[in-house]
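Each remark here refers to the structure printed beneath this line.
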């Protein structure tokens, strides 16, 4: 009996001790863990201050001169020797200056012959005009007196009546006149002049070379006006406005080079779902064929924040520091991407955005915020 009482008492004692130890362990687990501030991961933060952010897309392409002409011969003959400027690449010409001149001695004689034939016809009808159409005789006499086979003919006097017109047509005056005008027009093609101020970028026809019809002799451009075509996503087309200013991104120049949106194609490229727009620049520092990069503004996004793309996780959330200095995840909406940054919405002003690259970061992780 005594042994049974001792056993029961010992069992109760062990039970009491077990309950005490169990409660102690539970209380221990419930207590807040202590951290050594020196061992916490140090991070930098950026305090969010939402604002209106400009959005721009960057594109690149090759510049082409807006004004360009291929110099093509319509006649044949040998190239005359240049007296002022050589027909060589890089040569600058002003509007109206002779680019190239083809020997026209033979054809010039044909034109003079046709002029002489017209003058003879006019001389033969002058007596009849004096008698039958005396009111118009003075004009025809003055036209005849100033007629020279060495120079282009002037416009014929206008007939004063239908009868006079029929008389001139019947005598072949009108057909001979237009024959001469046609020959003079062709004679003018032996001299090719600059259509505008520009530079020869291709051409190396030597003096004395024989030129044939439809032969390409060179290429002439305006060195101050250029055009650039780039493709943009069709969903941005509504933000594009004609004559909107755009700028060239230059690494070497300290001054901005600006242009404008000149044209917008209304056809969508089916394979890329992009639309081509054309940009115009007027600047003497640019060159034909140069590759440039441009920024095209697409407006602004209000109440948004610009962050580096590396901070956006899975395109839908970022990490931030709570007032208690632990990590929290915040869902955001990316609105616009560029090469390095992304514009997001959904962040409240004052949010402390984690800007450090923290390895094995997770929500609830304790951190130490340091000042830059």
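Among 236, 305, a tally of other beta-carbon atoms within 10 Å of each Cβ gives an order, fewest to most, of 236, 305. Extension gain, residue 264-residue 47: 0.36 nm per intervening residue step, less the Cα-Cα distance, totals 74.1 nm.
For the stretch 276-372, what log10 I(q)/I(0) values come out of the Debye formula at q = 0.15 1/Å, with one point per alpha carbon and no solvent? Debye curve over Cα of the stretch 276-372, log10 I(q)/I(0) at q = 0.15 Å⁻¹: -0.70. So if R0 is 41 Å, what FRET efficiency would residue 331 and residue 272 give, r being the distance between their Cβ atoms, rounded to the nearest 0.05? Once rounded, the FRET efficiency stands at 0.85.
Normalising the average separation of contacting C-alpha pairs (under 8 angstrom, six or more residues apart) by the number of residues puts the relative contact order of the stretch 105-188 at 43 percent. From the Kirkwood radius over Cα pairs of the stretch 105-188, Stokes-Einstein at 37 °C and 0.692 mPa s returns a whole-number translational diffusion coefficient of 248 µm²/s. Note on the chain: helix-only mean residue ellipticity at 222 nm, from DSSP H runs of 4+ residues weighted -39500 (n - 2.57) and normalised by residue number, equals -8500 deg cm²/dmol. Take every Cα pair under 8 Å whose residues are at least 6 apart in sequence, average their separation, divide by the length of the chain, and the relative contact order is 28 percent.
A straight chain from residue 244 to residue 64 at 0.36 nm per residue would run longer than the Cα-Cα distance by 62.8 nm. Taking only Cα atoms, what is the 0 to 90° angle, nearest 10, from helix 173-188's long axis to the longest principal axis of the chain? Once rounded, one gets 50 degrees. Label 7 Å along Cα→Cβ of residue 184; the stretch 156-171 residues with amide nitrogen under 11 Å? Once the point is set 7 Å along Cα→Cβ of residue 184, 156 turn out to lie under 11 Å by backbone N, inside the stretch 156-171. For residue 145 and residue 358, calculate 0.36 nm times their separation in residues minus their Cα-Cα distance, and state this gained length in nm to one decimal. Going from the current span to full extension adds 66.8 nm.
At an R0 of 25 angstrom, the distance between the Cβ atoms of residue 341 and residue 92 translates into a FRET efficiency of 0.05.
None of the figures in this text is laboratory data; all of them are computed from the coordinates on show. Since the model is a prediction, treat every value here as computed from it, not as a measurement. Cβ coordinates were reconstructed from backbone atoms using ideal geometry, including for glycine residues, and neighbour counts include every protein chain displayed.
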